[in-house]
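Here the structure is laid out as structure tokens; the discussion comes afterwards.
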Amino acid sequence: MLKIVLTRLLLLPVMPLCLAVDNVLPTANGIEIPQNYKNWKLIGVSHRLDKGSLRSILGNATAIKAARSAKTAVWPDGAVLAKLVWKDRRHPDWDKAVVPGELQHVEFMIKDAKKYKKTGGWGYARWVGQALKPYGANADGAEQECFVCHTAVKANDYVFTYPATLP
Ligand code: HEC
């Protein structure tokens, strides 16, 4: 008994190191939710009329550097793109404005031409809802689903978003 209690006490301080950012589990294809994505910068926005949702497309430092210097025909290794999706909501004080409501999912494309060769050089991962539940039951499923649809923009390095223009 004492041994069990002691073991538990010893394990306690170590446990947080074993968990991903904010205790979010990795996806079935082994991708961890990127650190610090909430502080990434904006690349573009999108409004899906069919899904009724607002999307914000962000990039890590490598992606932002490529986007700001118009070097996105082939995104560099290390670039990570994020898409954060919220349900449409009418602004409570201005009903002609649509603003972010409930968070639907956050998803990522991670560029590593060698590691993710079989899916066009991008690793794909999605986490669902405010609880950030990893999406996809098995290692191939989500990747294949994402990759198949993104193949529509193969000529643009599998990326739909064109960086929004800025002065
Ligand atoms: C049925 C088509 C479809 C599927 C399936 C799909 N996407 Fe996308 N994705 C899009 C479209 C269209 C955009 C452009 C932005 C928007 O309006 O949503 C996009 C944009 C993105 C972006 C921003 C970069 C870009 O290409 O514009 C990321 C990151 C992304 N998707 C990740 C994923 C992940 C991860 C999955 C699988 C879990 C996935 N997508 C599945 C159609 C799809």
If you go through segment 102-124 one residue at a time, do you hit one that is closer than 21 Å to K51 by Cα and more than 15 Å from the chain's Cα centre (by Cα)? yes
Segment 154-167: number of residues that are surrounded by fewer than 14 Cβ atoms within 10 Å (Cβ to Cβ) and either of a type in the set (V, I, T) or outside any loop (DSSP other than H, G, I, E, B) (or both): 3
Criterion violated by E143 - all others in (1) modelled with pLDDT under 95; (2) under 19 Å from N60 (Cβ atoms); (3) within 9 Å of the ligand (Cβ to nearest atom) satisfied: (2)
Which condition does P100 not pass, out of (1) more than 9 Å from the ligand (Cβ to nearest atom); (2) touching a Leu at 6+ places or on another chain (Cβ under 6 Å); (3) within 20 Å of T27 (Cα to Cα), if it passes all the others? (3)
Among the residues of segment 115-151, how many are assigned to a loop (DSSP other than H, G, I, E, B) and touching a residue at least 24 places away in the same chain (Cβ under 8 Å)? 11
Test set (1) within 10 Å of the ligand (Cβ to nearest atom); (2) within 16 Å of the chain's Cα centre (by Cα); (3) not polar (S, T, N, Q) - G129 fails condition number: (1)
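Residue-wise test of (1) under 24 Å from I64 (Cβ atoms); (2) assigned to a strand (DSSP E or B); (3) hydrophobic (A, V, I, L, M, F, W, C).
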site: L81; (1), (2), (3): yes, yes, yes
site: W86; (1), (2), (3): yes, yes, yes
site: R89; (1), (2), (3): no, yes, no
site: V98; (1), (2), (3): no, yes, yes
site: L103; (1), (2), (3): yes, yes, yes
site: V106; (1), (2), (3): yes, yes, yes
site: I110; (1), (2), (3): yes, yes, yes
Those residues of segment 40-66 which are within 11 Å of the ligand (Cβ to nearest atom) and not in a strand (DSSP E or B), in sequence order: L49, D50, K51, A63
Exactly one of these conditions fails for E32: (1) outside any loop (DSSP other than H, G, I, E, B); (2) more than 11 Å from the ligand (Cβ to nearest atom). Give me its number. (1)
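The values are calculated or read from the model by the stated rules, or taken from the named source; none is laboratory data. On a predicted model such as this, the values are computed, not experimentally measured, just so you know. Every residue, glycine among them, receives a Cβ derived from its backbone with ideal geometry; neighbour counts consider all protein chains shown.
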